[in-house]
Amino acid sequence: MPPQPHPSPAFQLCAGHAALDLVNSLDDRFAAPGPAERLTDYGALLGFAVQAGLLDARRARQLGRTAPAVAERVLRAVRELREALAATLYAHVGGRAMPAADLRVLERHFGSAAQHRELRWRGSRGRGSLGWDFGRCAQRPELPLWLLALSAADLMTSESLARVSSCGADSCRWLFLDTSRNHTRRWCDMRVCGNRMKARRFQARHEAHVPHRQ
């Protein structure tokens, strides 16, 4: 049976940019037990693209009829894109040089996505503007891959790259776009990691002041 888009919202999208949410779709990336894959199949990928605002639900349902073998190939390509993004962005956040091999992977995906766009006039005659869309390629199963690649290209080649940061919780380290005024945001989500780390610090202070029994 062809994969169908998973119901949304199934993902916690708190990064402020679809490309960063894509990286975070491999959860617990640095955890000792090992990472947890959230893009489990093509249906999950379609659900992610819809939730991230890259794909509308009607198009996702159409793409959900993709043959399983083709869907699996696209999913592998999206994961390849994601891991190249992760390698380059975590290197950037850590003050290290971006790995050349991963940059070449990104270059390939960015270029492929751009090649499938068409320049079209939007609006009525005399009023409107030229814009890019996928036109005849919008029915292709690779559409979510191309949309994510262009989103990533937009981030990686913009001034926003300097605002990419990682969660201060060692057990998390999700990426996010720090849009705070003084670039002081520490957590991917204050309601999750922020409160958790506050609770841990409170417990540590409390235990430090509790006298030990002999």
query = Is it fair to say residue 120 is part of a strand (DSSP E or B), out of contact with any Lys or Arg (no Cβ under 9 Å at 6 or more places or on another chain) and surrounded by 11 or more Cβ atoms within 10 Å (Cβ to Cβ)?
reply = yes
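Can you find a residue that is in a helix (DSSP H, G or I), touching a residue at least 12 places away in the same chain (Cβ under 8 Å), in contact with a Pro (Cβ under 7 Å, 6 or more places away or on another chain) and buried (at least 21 other Cβ atoms within 10 Å of the Cβ) anywhere in the range 5-25?
Here is the first cut: in the range 5-25, the residues in a helix (DSSP H, G or I) are 18-24.
Restricting the remaining residues to those that are touching a residue at least 12 places away in the same chain (Cβ under 8 Å) gives 18-24.
From what's left, in contact with a Pro (Cβ under 7 Å, 6 or more places away or on another chain): none.
No, the range 5-25 has no match at all.
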note = Checked pairs for the range 74-88, first free of Cβ contacts under 8 Å to residues at least 60 places away in the same chain and under 14 Å from residue 24 (Cα atoms), second of a type in the set (D, E, K, R) and part of a helix (DSSP H, G or I), C-beta under 8 Å and 6 or more apart or across chains, list as 83/102; 84/102; 87/102
inquiry  = Looking at the structure I just gave you, is residue 77 surrounded by 15 or more Cβ atoms within 10 Å (Cβ to Cβ) and under 12 Å from the mean Cα position of the chain (by Cα)?
reply    = no
ask   = Which one is nearest to residue 85 (Cα to Cα) among residues in the range 123-157 that are among the small types (Gly, Ala, Ser) and surrounded by 11 or more Cβ atoms within 10 Å (Cβ to Cβ)?
value = 152
task = Return the pairs, sorted by first residue and then second, in which the second residue is part of a strand (DSSP E or B) and not small (Gly, Ala, Ser), the first residue lies in the range 172-190 and is closer than 14 Å to residue 15 by Cβ, the beta carbons are less than 8 Å apart, and the residues are 6+ apart or on different chains.
result = 175/164; 176/164; 177/164; 178/164; 185/176; 188/175; 188/176
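Regarding the range 92-114, can at least one residue be identified that is assigned to a loop (DSSP other than H, G, I, E, B) and buried (at least 19 other Cβ atoms within 10 Å of the Cβ)? Walk me through it before giving the result.
Within the range 92-114, the subset assigned to a loop (DSSP other than H, G, I, E, B) is 94-99.
Keeping just the survivors that are buried (at least 19 other Cβ atoms within 10 Å of the Cβ) gives none.
Among the residues of the range 92-114, not one is assigned to a loop (DSSP other than H, G, I, E, B) and buried (at least 19 other Cβ atoms within 10 Å of the Cβ), which makes the answer no.
The numbers here are math on the coordinates, done by the rules we state, and not lab data. Bear in mind that the values here come from a model prediction, so they are computed numbers and not experimental data. Reconstructed Cβ throughout: ideal geometry from the backbone, glycine too, with neighbour counts over all protein chains shown.
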